[in-house]
1. If you bin every alpha carbon distance in the chain into 5 Å steps from zero, what whole percent lands in each bin?
2. Per 0.36 nm of contour for each residue apart, how much would the distance between Asp82 and Ala66 grow if the chain were fully extended, relative to their Cα-Cα spacing?
3. Among Ile48, Ile115, Ile6, which comes first, then next, by fewest other beta-carbon atoms within 10 Å?
4. Sticking with the crude label model, points 7 Å out along Cα→Cβ, report the distance from Leu54 to Glu17 in nm, one decimal please.
Amino acid sequence: MKAFLINPFDRTVKQVEHTGGLKNMCFLIHCNLVTTVELNDQLDTLWIDDEGLLGDLETQAFFTYAGYKQPLAGYGLILGCDDEGASVEPKISIENVINSVKFLSLLEVRFLAEIGAV
């Protein structure tokens, strides 16, 4: 199924193929544990590394997503969700995702933390 991968390391957003299941999701976002951010009323969901802030922050990459206050660490994968909780293709467009993502440096994340913006 279609999914959108946010790659803050090369600062891209692209469509990828998600074969379904947690194993493929973790492969796509380079992690072992996932957590989610609900993006909209259409049940589109951003999946991210639950341990993204636990590693070496000097080598980590960050982004924000419009409407979500906290910077996010590592890759993100956007999928939709059906009424029964199963992953489906997102309803949001890739153009909307691109316009909603802002990539941040560690210095910018630290600044936001210092001023209390996160």
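None of the figures in this text is laboratory data; all of them are computed from the coordinates on show. None of the values given here were measured: they were computed from a predicted structure. Every residue, glycine as well, gets a Cβ built from its backbone with ideal geometry; the counts of neighbours run over all protein chains shown.
1. P(r) for the chain, in whole percents per bin: 2, 11, 23, 25, 20, 11, 5, 2, 0.
2. 3.5 nm
3. Starting with the residue having the fewest Cβ neighbours, the order is Ile115, Ile48, Ile6.
4. For the pair Leu54/Glu17, the computed spacing is 3.2 nm.
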